[in-house]
1. Pull out all pairs, ordered by first then second residue, where Cβ-Cβ is under 9 Å, the residues are six or more apart or on different chains, the first lies in segment 85-103 and is without any contact (Cβ under 8 Å) to a residue 24 or more places away in the chain and assigned by TED's automatic domain parsing to the domain that holds Met371, and the second is assigned to a helix (DSSP H, G or I) and exposed (fewer than 14 other Cβ atoms within 10 Å of the Cβ).
2. Could you list, in sequence order, all residues of segment 92-149 that are of a type in the set (A, V, I, L, M, F, W, C), buried (at least 22 other Cβ atoms within 10 Å of the Cβ) and out of contact with any helix residue (DSSP H, G or I) (no Cβ under 8 Å at 6 or more places or on another chain)?
3. Here is a check on your reading of the model: is Ser297 over 22 Å from the mean Cα position of the chain (by Cα) and at pLDDT 95 or above?
4. Closer than 18 Å to Cys324 by Cα, out of contact with any Gly (no Cβ under 8 Å at 6 or more places or on another chain) and surrounded by 19 or more Cβ atoms within 10 Å (Cβ to Cβ): is that true of Pro245 in this structure?
5. Has segment 177-192 got any residue that is within 13 Å of Lys269 (Cα to Cα), without any contact (Cβ under 8 Å) to a residue 60 or more places away in the chain and surrounded by fewer than 21 Cβ atoms within 10 Å (Cβ to Cβ)?
6. Sort out for me the strands (runs of 3 or more DSSP E) sitting completely within segment 164-273 that have 2 or more residues that are over 27 Å from Asp284 (Cα atoms), assigned by TED's automatic domain parsing to the domain that holds Phe107 and of a type outside the set (Phe, Trp, Tyr).
7. So if I check each of Glu116, Glu108, Glu102, which one is part of a helix (DSSP H, G or I) and not hydrophobic (A, V, I, L, M, F, W, C)?
8. Using the structure shown, decide if Thr355 is among the β-branched types (Val, Ile, Thr) and more than 18 Å from Met320 (Cβ to Cβ).
Amino acid sequence: MARQLCWRQSHVIKQADGALLWQLLHARLAGSEPYRASCIAIGSSGGVLDIAEFPSCPAPPLSHTQPVSALSPAHPRPASSQQTAMGTKIIDKLNEKIAKGESFFSFEYFPPKTDEGVANLKERQMRMAALGPTFCDITWGAGGSTADVTLDVARSMQQEVGMETMMHLTCTNMPVEKLNEALHKAKESGIRNILALRGDPPKGQDHFEQVEGGFACALDLVKYIRAEHGDFFGIGVSGYPEAHPDVIVDDAEEMRRNYWSDIDYLKQKVNAGADFVVTQLFYDVDRYLQFVKDCRSRGIACPILPGVMPVMTYGGFKRMTSFCKTAVPQHIADTLEAIKGSEEAVKAYGISLGTMMCQRLLAGGAPGIHMYTLNLERSAVAILENVGLITKAGAKQPAADGQQAANGSAA
């Protein structure tokens, strides 16, 4: 039986990417038996395509199909269809999910340091996009050190991988001219979502310093984006269930004042135009649940997404929680201390802990789960499978994280 190219609404290719689509078709057709051209579909409204081989697959409606020849370089599309496909504001997707009572999930990545790492990350993103995240985001890099890579990866995520992408943007080492350039490049790439952050201090510095001609805080950045770009961008901001690390202190009374001051500052960001909140990582679920209640008491009504970072290695966990001044419940610290000598035991415990946390978060009213993947998929996918946000039968088995790292994916 002749194989077919079957139209599926899962991930990979945007309508605008005719050249890339043709390259894939050419590669798959070379040396193989005939494919039925009628099974090659183009979304009529900028939808996405997945090109896959199946022994049997029903053809899509004829109104959504074109012959292979229509996609070849010799038959270019009309100029209007070659425009960059614009994304959708994430807040619209979140509100739709929340209105329907549907839980959701999202993934965060960071920009790799090498070309090999970028290529490997893209392969992983293609697999993870098929799982159906509501959106994915890419960090700006410590101290603004990876701005160019972030822009390139963000464009690839939006236009080639087919992920609804949110690009981080920070104030670190970013005068207004550079911020404006980054926003225009994001718009040119069809990216409509920005996570506006102050950013961490540059490497080698202990404290954040406002760069000449730049902004001092995320609030200024939110105001600037709204003033310059109106309602084009959806804007996310960070929230801190334990308060921002810069204001975490030992004195209980001062800490209480700092915590509430931080929530009041979050309200200013929302009032200035932020659409939703993504929290800093935490390991005490009660702190997130209380944080949401406290935010609501201050009039913050937008979605507040819990950021969950699976424990993958003992050393990585210790470094991250120390850097972020994250409170670690004693039973978690004791368990990890007892098994720190076994990488597999730590990873398995991280999946178990992450599963229990996400179950409690969803049961406690969290609208969805934002997974800090650290550019790895095994733990994040396993947790989402365990809580039922991903169907196990529909998920491809990811490579072991150790092999992923060896391939340069987290470089």
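1. Correct list of pairs: Glu102/Glu96.
2. Result: Leu94, Phe110.
3. Working: over 22 Å from the mean Cα position of the chain (by Cα): yes; at pLDDT 95 or above: yes.
Considered against the rule, which asks whether it is over 22 Å from the mean Cα position of the chain (by Cα) and at pLDDT 95 or above, Ser297 comes out as yes.
4. Numbers: closer than 18 Å to Cys324 by Cα: yes; out of contact with any Gly (no Cβ under 8 Å at 6 or more places or on another chain): yes; surrounded by 19 or more Cβ atoms within 10 Å (Cβ to Cβ): no.
Criteria not met by Pro245.
5. At the first step, the residues of segment 177-192 found to be within 13 Å of Lys269 (Cα to Cα) are none.
No.
6. The strands (runs of 3 or more DSSP E) meeting that bar are 165-170, 193-197.
7. Working: Glu108 fails: part of a helix (DSSP H, G or I); Glu102 fails: part of a helix (DSSP H, G or I).
One residue alone meets the criteria, Glu116.
8. Details: among the β-branched types (Val, Ile, Thr): yes; more than 18 Å from Met320 (Cβ to Cβ): yes.
For Thr355, the condition - among the β-branched types (Val, Ile, Thr) and more than 18 Å from Met320 (Cβ to Cβ) - is met.
The values are calculated or read from the model by the stated rules, or taken from the named source; none is laboratory data. In this text, all values refer to a predicted model and were calculated from it rather than measured experimentally. Quick reminder, even Gly has a Cβ in these numbers, built from the backbone with ideal geometry, and neighbours come from all protein chains shown.
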